[in-house]
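Colleague: Here it is: the structure, laid out below.
Nothing in this text is a laboratory measurement; each read-out follows from the coordinates by a stated rule. Source: prediction; values computed, not measured. A quick note on method: Cβ atoms are made from the backbone with ideal geometry, for glycine too, and the neighbour counts reach across all protein chains shown.
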Amino acid sequence: MRELVIGLLAAVFGLAGTVVGAAVSARAAKKGALLSAQATVQQVHDQATVDQAHWLRQQRLQAYEGFLGAWDECLRLIGSVGLPGDFGSTEGNPLKQAADRMTERALRIEILGPAEVAGAADELADSIRRDVQIATKLKDLTMSTLPEATDRMTTETTPAMAGARDAMQEASRQMRELVAESGRPLHEHPRAPEVIEAVERAQQLGDAATVRANEDANRVSIFLDQASTIVLELKRNQDARAGIRRQFTTAARHTLASTVPDP
């Protein structure tokens, strides 16, 4: 009987050991599977982060390059054809069209970021738009002043000056003839009043033409002063762009260099 009890106890303890061992092994296997799963999830997460960073960097690179392409196009147009056209109309104004493209690409940078690059891009786009606005102001001033002034000088002042000169030359010729043929005091000559009247008329024509010429000169002088002020405004705007361009380039390079994390 005693041997039977001892045998049963041994069997029970042996079974318990087996169960405990199995449980320990199961827990170890579960823990290993959990750790493996966590490692896999972390690896997938890390890879996704890297892939997203690569994608973001590529999108930013394309956006920055597109923006600078529009910027270079604007500068090329400014250097080659000046600043023509009406800011309110796109048709026939290649600089306005290029400025609009630059603004669109600045908006894309605003979406992709970062804020430092987007801010510099927006400032550069604003600078080009101001160029167009200033150019439009200069064009409006020119069109409202020069055609009328040029027409007045061509159709009125120049003929008036020519008429005054011809009248004076004719009066001088008559006076010389009168002096040459006169054998008595000049004021006693019967044609003297006629010649003196011609001289006075020529002088009046000359005075009127001079007044016209001075008025034209004043108009042109005022125009040149106003145009010079606008040109100085344009130059200040363009000078300020150099610093903004450096700011954009530096921020863009830093962003592209730091976008992709280390694997």
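Colleague: Set the Förster radius R0 to 51 Å, insert the Cβ-Cβ distance between residue 107 and residue 211 as r into 1/(1 + (r/R0)^6), and round the FRET efficiency to 0.05.
Modeller: 0.35
Colleague: Output needed: percent of Cα pairs per 10 Å distance bin for region 172-250, bins running from 0 to the one holding the longest distance.
Modeller: 15, 20, 14, 13, 11, 9, 8, 6, 4, 0
Colleague: Assign unit charges at the C-beta atoms only (+1 for Lys and Arg, -1 for Asp and Glu), then state the dipole size of region 102-241 relative to its Cα centre in Debye, rounded to the nearest 20.
Modeller: With only Lys, Arg, Asp and Glu charged at Cβ, the dipole is about 220 debye.
Colleague: Working out 0.36 nm times the residue gap between residue 58 and residue 253, then minus their Cα-Cα distance, what length gain in nm do you get to one decimal?
Modeller: 68.9 nm is the gain from fully extending residue 58 to residue 253.
Colleague: So, R0 is 30 Å and r is the distance between the beta-carbons of residue 201 and residue 225; what FRET efficiency does that work out to, to 0.05?
Modeller: My answer for the efficiency is 0.25.
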